[in-house]
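A quick write-up on the structure given underneath.
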Amino acid sequence: MIKQPYPIRRAVFVCTNKRPEGSPKPCCADAGGFDLYLKLKEELANRFVMDVGVYASSCIGPCDQGPVVLTFPDKQCYMKVSEDDIQALADELVAE
């Protein structure tokens, strides 16, 4: 095993989970989770933010509140995130 420091101060997980067709439970993919993931990555890249990692994630939990975004180390869960929220979310993510 190799252990070394990772060059980010914050990790952001965007649920992109896709459930099978006909599933009675909603999923973040159908609520726009993957597009949200791509646009948030793009927004942070456009701001030259290199110390916040944005990762696509499987199911985070509150499926009926998707898309869901979870951040660490601050342990914040954002629900019903839309593309209209990306600027404000990015502002929060880059703040110290």
Legend entry - the chain - Cys residues lacking any other Cys C-beta under 4.7 Å: 27, 59, 63, 77
Inset, instruction - May I ask you to order 2-14, 32-44 by the average number of other C-beta atoms within 10 Å around their residues, highest value first? - result: 32-44, 2-14
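I want to check a number: in the chain, how many lysine pairs have alpha carbons closer than 22 Å, given a sequence separation of 8 or more or different chains? Please list the in-between numbers first.
Numbers: 18/39; 18/41; 18/80; 25/80; 39/75; 39/80; 41/75; 41/80.
For the chain, qualifying lysine pairs total 8.
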Legend entry - Amide H within-cut-off set for residue 76, under 5 Å, with H built and near neighbours excluded: 71
Inset, instruction - Can you put 16, 71 in order of Cβ neighbours within 10 angstrom, beginning with the fewest? - result: 71, 16
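Might you report the magnitude of the Cβ-based charge dipole of the chain about its Cα centre, with Lys and Arg at +1 and Asp and Glu at -1, to the nearest 20 debye?
Values: 11 positive and 14 negative charges, 97 e Å.
That gives the chain a dipole magnitude of about 460 debye.
Relative contact order, percent, of the chain when contacts are C-alpha pairs under 8 Å separated by at least 6 residues? Spell out each step's value before the answer.
Values: 161 pairs, mean separation 32.7, N = 96.
With pairs under 8 Å counted, the relative contact order is 34 percent.
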Legend entry - For the chain, with +1 on Lys and Arg beta carbons and -1 on Asp and Glu, the positive-most of 62, 78, 6 along the dipole: 6
Legend entry - the chain: calculated mean residue ellipticity at 222 nm from DSSP helix runs of at least 4, using -39500 (n - 2.57): -7500 deg cm²/dmol
Inset, instruction - Let me know the charge dipole size of segment 39-89 about its Cα centre in debye, to the nearest 20, where only the beta-carbon of Lys, Arg (+1) and Asp, Glu (-1) is charged. - result: 120
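Bear in mind that the values in this text are calculations on the coordinates, not laboratory data. As the structure is a computational prediction, the values presented were derived from the model and not from experiment. As a convention, Cβ positions derive from the backbone with ideal geometry for all residues, glycine included, and neighbour counts pool all protein chains shown.
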